[in-house]
């Protein structure tokens with residue numbers, strides 16, 4: 001039995017071993033293994049002898065079984081509420097291996113399909129924001145998560161940590177005064193182009209529900225704005241999203257505060273999960289430098 005992984009050694013070498021053991025435990029043997037992403041979670045694509053392909057998602061060691069099982073329950077419930085998403089495979093979920101929880105998902109090949117646009121996320125987000133789950137979910141806790149990430153990051157210099165703490169304190173002080181206009185409820189908490197897939201029918205499916213919680217829908221709306229401004233730069237696509245959803249969050253009085261808090265959450269989360277000297281760490285340092293210069297429109301590289 002392999003030793004348990006920790007936040008410090010959650011690396012491709014360790015998660016590949018986790019993958020192999022998890023597959024063995026459910027009785028499958030992948031012929032081809034491809035690492036898709038290794039940041040928030042480890043995500044692998046595997047091909048089986050019958051040519052079927054699956055996505056294997058390995059949660060970070062800090063993720064609790066309660067949290068993963070709650071996410072799976074939410075996905076199951078959402079499927080009955082008219083909101084399309086991707087459901088896990090029929091294997092027992094989650095599989096616990098080496099201090100990590102592993103889940104298996106069908107692979108939806110995006111080759112040859114149009115990339116999902118911001119505008120196409122408007123309708124599923126509007127449906128999501130109207131839902132009220134009949135079971136408890138955690139509330140959005142952005143400030144505490146930011147402070148935890150700053151305190152535990154392995155890559156921040158003392159000066160960077162001090163800058164981020166000061167910014168967090170100022171935004172936290174302003175947060176209680178924000179004039180929210182939407183009703184709190186179920187939010188995705190990280191809606192973006194990479195957290196959506198297109199079915200072969202053309203339908204857009206929201207995925208990656210790990211962060212879903214109860215909070216202000218404005219959080220989801222500023223997330224879409226940030227991702228189109230920082231990553232795609234497609235201003236027309238964002239304007240189309242605003243038209244489809246019915247709100248341009250940039251005109252809301254609390255926009256600057258919530259946008260800055262959301263960006264700070266993105267920066268500090270990646271600061272906690274990045275390895276010193278890695279390309280991801282370099283990108284985090286670059287984003288922090290942008291905060292110091294006040295460059296709100298500088299493009300970010302995806303991590």
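The values are calculated or read from the model by the stated rules, or taken from the named source; none is laboratory data. The shown structure was predicted, so the numbers you read here are calculated from the model rather than taken from an experiment. No Cβ is skipped: glycine too gets one built from the backbone with ideal geometry, and neighbour counts run over all protein chains shown.
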Among the candidates 55, 46, 75, single out the residue that is within 27 Å of residue 139 (Cβ to Cβ) and modelled with pLDDT of 95 or more.
75
Quick test of your reading of the structure: residue 275 fulfils all but one of (1) in a helix (DSSP H, G or I); (2) surrounded by fewer than 19 Cβ atoms within 10 Å (Cβ to Cβ). Name the failing condition by number.
(1)
With the first residue restricted to region 250-264 and required to be closer than 13 Å to residue 297 by Cβ, and the second required to be crowded, with 22+ Cβ neighbours inside 10 Å, Cβ contacts under 6 Å at 6 or more apart or on different chains are 259/222
How many residues, within region 18-67, are in contact with a helix residue (DSSP H, G or I) (Cβ under 8 Å, 6 or more places away or on another chain), in contact (Cβ under 8 Å) with a residue 24 or more places away in the chain and under 20 Å from residue 270 (Cβ atoms)?
9
With criteria (1) modelled with pLDDT of 95 or more; (2) surrounded by fewer than 21 Cβ atoms within 10 Å (Cβ to Cβ), residue 249 comes up short on (2)
Quick one: which residue in 90, 14, 98 is closer than 29 Å to residue 132 by Cα, out of contact with any strand residue (DSSP E or B) (no Cβ under 6 Å at 6 or more places or on another chain) and outside the structural domain of residue 152 (by TED's automatic domain parsing)?
90
Return the only residue of 96, 174, 126, 199 being surrounded by fewer than 19 Cβ atoms within 10 Å (Cβ to Cβ) and free of Cβ contacts under 8 Å to residues at least 40 places away in the same chain.
96
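Is it the case that some residue within region 78-85 is in contact (Cβ under 8 Å) with a residue 24 or more places away in the chain and either in the same structural domain as residue 200 (by TED's automatic domain parsing) or part of a helix (DSSP H, G or I) (or both)? Steps first, please.
Let us first name the residues in region 78-85 that are in contact (Cβ under 8 Å) with a residue 24 or more places away in the chain, namely 78, 81-85.
Add one more test, that the residue is either in the same structural domain as residue 200 (by TED's automatic domain parsing) or part of a helix (DSSP H, G or I) (or both), and what stays is 78.
Within region 78-85, one or more residues are in contact (Cβ under 8 Å) with a residue 24 or more places away in the chain and either in the same structural domain as residue 200 (by TED's automatic domain parsing) or part of a helix (DSSP H, G or I) (or both).
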Take residue 218 and decide whether it is more than 25 Å from residue 111 (Cβ to Cβ) and either buried (at least 22 other Cβ atoms within 10 Å of the Cβ) or in contact with a strand residue (DSSP E or B) (Cβ under 6 Å, 6 or more places away or on another chain) (or both).
yes
Please tell me if residue 246 is within 21 Å of the chain's Cα centre (by Cα), on the phi > 0 side of the Ramachandran plot and in the same structural domain as residue 123 (by TED's automatic domain parsing).
no
Considering region 134-148 alone, what residues qualify as being surrounded by fewer than 16 Cβ atoms within 10 Å (Cβ to Cβ) and either touching a strand residue (DSSP E or B) at 6+ places or on another chain (Cβ under 7 Å) or assigned to a loop (DSSP other than H, G, I, E, B) (or both)?
134, 135, 136, 138, 139, 141
Hits in region 46-64 - residues which are crowded, with 18+ Cβ neighbours inside 10 Å and not in a loop (DSSP other than H, G, I, E, B):
46, 54, 55, 56, 57, 58
Hey, residue 43 within 20 Å of the chain's Cα centre (by Cα) and over 30 Å from residue 183 (Cα atoms) or not
yes
